[in-house]
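Report on one structure; see the data block that follows.
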Amino acid sequence: MISQTKIAIPILQEKEEDIIKTAQDFIKKGADLLELRIDGIANVNSDMVKKIIDSINFPVIATNRSKKEGGFFLGSEKERINILKSCCDLKNVEYIDIELQTDPCLRNFLIDKCREANIKTIISFHDFEKTPSVDYLLKIVNEQKELGDVAKIAVMPTNLEDTINVLAIMSHCDNTIAISMGEIGSYTRVMASKFNAPFTFATGGDVTAPGQIDIETMKLLLNMDLMDHDDFLDDI
C-alpha cells in the first residue's frame with residue numbers, strides 16, 4: 001500500500017543560488033514538499049523570499065524560525081512575521097509554519113492573513129530539552145488545532161518511553177505531526193504514515209534537525225507494511 005503521508009525536505013541555505021540548486025536536487029529525489037527555512041537566508045527580505053519561491057516553482061512550506069525555537073532569524077519579531085505574511089501572496093506556498101509561542105497578537109494576525117489567502121497553517125511547538133507528559137502534549141495539540149490546520153510538535157527524548165509518548169499523540173490526534181528528535185526518536189518520523197500524518201520530514205543531504213532520515217530511506221520505509229495503527233498503542 002502506497003503511503004498517503006507526504007515527505008517534506010527542509011532547505012537551510014544562506015544564498016539564493018544555493019537554495020534553488022538544492023531545491024532542484026530535492027525535487028528530483030522525490031520530495032512532495034520543500035520547507036524553505038527563511039531564517040537561514042543571509043540578509044533576507046520579503047522580495048528575496050518571493051523571488052526564491054517563484055524560482056523554485058514547487059509546493060513550499062514557508063518557515064521563518066525564531067531563535068528561541070531553534071532558528072536563526074536575527075531581526076525583530078515584527079520583521080519575522082511580516083516576511084511570513086508576504087508569503088501569503090505566493091501561489092506555490094501551501095503551508096506557513098507559525099510557532100504556537102509567538103506573541104499572540106502577531107500570531108493571530110498571521111493566521112488571519114493565511115485564512116484570507118486560503119493557505120494552510122502549521123502551528124508548531126518545540127522542546128529541545130525534554131519530552132513533556134502525554135497530557136501536556138495533548139493540551140498543546142488541542143490548542144494548536146483550535147488555531148490552525150495542522151499541529152506539529154517536536155520534542156527531545158531522554159529515553160525510549162519518551163518516544164512512545166510521541167506515538168501516543170499521533171495515535172489520538174488527526175492532522176498532527178509529532179516528532180521525537182534525536183537518534184532514538186528517528187523511527188517516529190517513519191511511523192507518521194501509520195497514523196495518517198499529513199506529512200513527515202526527511203533530509204535530502206543537509207541535516208536540519210537531529211534524527212532526520214534521508215529521503216531515499218524514508219520513501220522505502222513509508223511504503224513498507226510495518227504495522228496497522230489500529231492494532232498499535234490501543235491502550236495508551
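The values are calculated or read from the model by the stated rules, or taken from the named source; none is laboratory data. The model shown is predicted, which means the values in this text are computed figures rather than measured ones. Using ideal geometry, Cβ is built from the backbone for each residue, glycine included, and neighbour counts are taken over all protein chains shown.
Here are the numbers for the structure shown:
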{"read-out": "Exclusive hit being surrounded by fewer than 17 Cβ atoms within 10 Å (Cβ to Cβ), in contact with a helix residue (DSSP H, G or I) (Cβ under 9 Å, 6 or more places away or on another chain) and acidic (Asp, Glu), set ASP103, ASP112, ASP97", "value": "ASP103"}
{"read-out": "Residue count, segment 77-89 (criterion: more than 15 Å from GLY40 (Cα to Cα), of a type outside the set (Lys, Arg) and out of contact with any Lys or Arg (no Cβ under 9 Å at 6 or more places or on another chain))", "value": "2"}
{"read-out": "Residue within segment 19-30 that is out of contact with any Phe, Trp or Tyr (no Cβ under 8 Å at 6 or more places or on another chain), part of a loop (DSSP other than H, G, I, E, B) and in contact (Cβ under 8 Å) with a residue 12 or more places away in the chain present", "value": "yes"}
{"read-out": "When residues of segment 25-44 are limited to those that are exposed (fewer than 14 other Cβ atoms within 10 Å of the Cβ) and more than 21 Å from THR200 (Cβ to Cβ), the one nearest to the chain's Cα centre (by Cα)", "value": "ALA42"}
{"read-out": "Where ASN108 falls short, out of the listed (1) touching a strand residue (DSSP E or B) at 6+ places or on another chain (Cβ under 9 Å); (2) part of a helix (DSSP H, G or I); (3) of a type outside the set (Gly, Ala, Ser)", "value": "(1)"}
{"read-out": "Candidates GLU216, GLU183, filtered to the one that is modelled with pLDDT of 85 or more, loosely packed, with under 14 Cβ neighbours inside 10 Å, in a loop (DSSP other than H, G, I, E, B) and charged (D, E, K, R)", "value": "GLU183"}
{"read-out": "Selection from segment 129-168 of residues that are over 20 Å from ILE98 (Cα atoms) and either in contact with a strand residue (DSSP E or B) (Cβ under 6 Å, 6 or more places away or on another chain) or part of a strand (DSSP E or B) (or both)", "value": "THR131, PRO157, THR163, VAL166"}
{"read-out": "Hey, MET227 at pLDDT below 95, more than 30 Å from ASP18 (Cα to Cα) and assigned to a loop (DSSP other than H, G, I, E, B) or not", "value": "yes"}
